[in-house]
Amino acid sequence: MTLMVEAKGVCKAYGGLEVLKGVDLNVARGEVTCLIGPSGSGKSTLLRCVNHLEKHDAGELRVDGELVGYELRGDKLYELNDRQICAKRSQIGMVFQRFNLFAHLTVLENVTLGQMKVKGRSQEAATAKARELLARVGLDAKERSYPSQLSGGQQQRVAIARALAMEPKLMLFDEPTSALDPELVGEVLDVMKDLARSGMTMMVVTHEMNFAREVADTVYFLDAGVIEESGDPRTILTAPRSERLKLFLSKVL
Amino acid sequence: MSTNGDVTVKVVPVRHVGRYVSGAVALVIIAMVVHTIFSKLPTGQYACHGAAPHRSCHPKTEWRFSWDVIRHYFFSAEVFHGVEITLALTVFSMLLGIIIGLTLAVMRMSPNRLLSATAWTYTWFFRGTPVYVQLLLWFNISAIYPQLSLGIPFTSWTFVHINAVNLFNPFRAALMGLALNEGAYMSEIARAGLISVDEGQIEAASSVGLTRRQTLRLVVVPQAMRVIIPPTGNEIISMLKTSSLASVVSVVDTLGAATNIYSQNYLVIPLLLTASLWYLLWTTVLSSGQFYVERHFARGSLRTPPPTPIQRLRADVIGIARKFRPVHDVGVAS
């Protein structure tokens, strides 16, 4: 089995504040990995390093066997330029806590923009693909709406469709249900479960322990910038070994 | 009407006495203004009709505002040409100003300190000196740069030579001065617009794989427009009037044409009013255009767009008509 994401000793600091202090993590192809942990533990930062929205300071980070943000030629690391980074990012889908749909575009235009401008698809091809994906997330009737006219759950499902339209090999979810009203969480999790069943490789930062238990193949528990514990969800969520995970679970469960 | 159990109780609305009083005062003032605008003055001459025994005379009068003179000059070829110059100055200096402003705004936000400092210095200079002075400076620039050449800096290699006096004719000097000055103001407006776009929009655009340039063009600028358009509309309207300063560098714009005419016939007030009416006409046209442009760029940010003036007028008329309908109709809705 080949690895989709491979992190070795990844470090990241903002000014003097160390957010990641040497993280090792592996995500196999077709696997769902959940990152859990208290806020400020570095889960989101790790996720953002994977598609180079944040630059990691030290360590090695590979996606699909290739270094993130750099190229190794001879014995030197060359930083990639904007165009090269963007080309790699387009193969990694990302879903944000605050949805971040393009506010000035309709639902349909949100899903076609990247296809046309990055993948160079024709308007017809992009629209056909967008309609197929919107139907998959149950929003084909809303294609002419603007994001501000949709509920949070609907916006997040459009955001998932927008990411899927780029046909990514890896999907990153950064607390996708944290900004939602409780009754809307289910509809987004259902779409994510469906996606997991279809064999998509996913990295999910979440506070939904039931989702982690049900869908994840591996769960990583981060605390204060290090991986404290990891493993099969049924084992680590029911029988945690470390004191910190025990404490964390007692608060969230 | 409202019901309280089985008894019907009449609802008495609050009387706004203050509103009626201030309304009456406003009405009197409006009447006075309209009256004086359309009043007539005695000329001191008499108009007489008929022969000796039946001869009748009455004093001759004329409009206080010389409406007949204004009507004559409003459509005169000279004023018309002046209006064309005013519009050309406004349109071209705003276009150049917007291009300069957007460039400066992007420079200001660049991580390159030299670029952002350059943009800051430009704004500092052009906002810190009066437009009047800047216009005179461009008009007289040939005093210190009689020859302008295009070539490689700090070498003797030059390709094109231009005589500065020819290049900076009055119109081009005025255009240059107005556009460079406007660029400084537009840069601040554009910067405020670009900053107003949520960081998350930029992250989402990068995560889809758009390059920095595509993100700016396809995601940031269209959303910044909502913030940029209203003050830009004000700038255009303000520019229409500021362009009248061009007459100091002997450009014959609307005001220039008016002053040229009254310096010959001494009809100062009627010609100044003629110019004012032309400015008013165009500011009215621009303001109504501004409304529809703002409405267009607000899409996606408002659930329901604001009503157009015609829609609002219709709603007002219907509202007033309802108010005057018999009382028993009013209570039906409850």
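The values are calculated or read from the model by the stated rules, or taken from the named source; none is laboratory data. For clarity, every value in this text was computed on a predicted model and none was experimentally measured. When we count neighbours, we look across all protein chains shown, and the Cβ atoms used for this are built from the backbone with ideal geometry, even at glycine. In case anyone asks, the SASA skips ligands and DNA or RNA and just uses the protein heavy atoms, side chains included. Shrake-Rupley method; radii C 1.70, N 1.55, O 1.52, S 1.80 Å.
Cα centroid distance between segment B:235-289 and segment A:1-64, in Å? Rounded to whole Å, the Cα centres lie 65 Å apart. Measuring gaps between exposed loop sites in chain B (trypsin sites (Lys or Arg not before Pro); DSSP loop; at most 15 other Cβ atoms within 10 Å), the longest gap, sites not included, is B:65-302.
Sequence-ordered 3J(HN,Hα) estimates for segment B:181-193 from the Karplus curve with 6.51, -1.76 and 1.60 and θ = phi - 60° stand at 5, 5, x, 5, 5, 5, 5, 5, 5, 5, 5, 4, x Hz, glycine and proline given as x.
Neighbouring Cβ atoms from other chains, within 10 Å of the Cβ of residues in A:100-108, number 6 on average. Around B:LYS241, under 14 Å between beta carbons, what's the net of Lys plus Arg minus Asp minus Glu among the other residues? Local charge sum for B:LYS241: -3. Segment A:86-139 and segment B:78-132 have their alpha-carbon centroids 37 Å apart. FRET efficiency for A:GLU214 and A:LYS76, Cβ-Cβ distance as r, R0 = 51 Å, nearest 0.05? Once rounded, the FRET efficiency stands at 0.65.
Spacing of the modelled spin labels on B:VAL165 and B:ILE195, each 7 Å from Cα toward Cβ, amounts to 4.7 nm.
Remark: mean inter-chain Cβ contacts per residue of A:112-125 equal 2, using a 10 Å Cβ-Cβ cutoff to other protein chain atoms. Dipole size of chain A about its Cα centre, with +1 on Lys/Arg Cβ and -1 on Asp/Glu Cβ: approximately 400 debye, rounded to the nearest 20. Placing +1 on the Cβ of every Lys and Arg and -1 on the Cβ of every Asp and Glu, with nothing else charged, gives chain B a dipole about its Cα centre of roughly 760 debye. The listed residues B:PHE74, B:PHE171 rank as B:PHE171, B:PHE74 when sorted by accessible area, largest first, using a 1.4 Å probe. Answer with one residue from A:ALA159, B:THR129, A:PRO38: the one whose Cα lies farthest towards the positive end of the charge dipole of the protein assembly as shown, charges on Cβ with Lys, Arg +1 and Asp, Glu -1. The residue sitting farthest along the positive end of the dipole is B:THR129.
For a label point 7 angstrom out from the Cα of A:LEU253 toward its Cβ, which stretches of segment A:203-221 have the backbone nitrogen within less than 18 Å? Answer for this model: A:206-221. Residues B:TYR46, B:TYR262 ordered from highest to lowest accessible area at a 1.4 Å probe: B:TYR46, B:TYR262. A probe of 1.4 angstrom, applied to the heavy atoms of all protein chains, finds B:TRP120 with accessible area near 130 square angstrom. Cysteines of the protein assembly as shown lacking any other cysteine Cβ under 4.7 Å from their own Cβ: A:CYS11, A:CYS34, A:CYS49, A:CYS86. Per residue of peptide B:197-204, the mean number of Cβ atoms on other chains within 10 Å of the residue Cβ is 5.
Placing unit charges on the Cβ atoms of the charged side chains and taking the dipole of chain A about its Cα centre, the candidate lying farthest along the positive direction among A:LEU133, A:PHE221, A:HIS56 is A:LEU133. Sorting the segments A:214-227, B:247-260 by their residues' average number of neighbouring beta-carbon atoms within 10 angstrom, most packed first, yields B:247-260, A:214-227.
Considering only A:GLY74, A:VAL23, B:MET239, and ranking their Cα positions along the charge dipole of the protein assembly as shown that arises from unit charges at the beta-carbon of Lys, Arg, Asp and Glu, the one farthest toward the positive end is B:MET239.
With 10 Å bins beginning at zero, the pair-distance distribution over Cα atoms of segment A:140-208 amounts to 19, 54, 26, 1 %.
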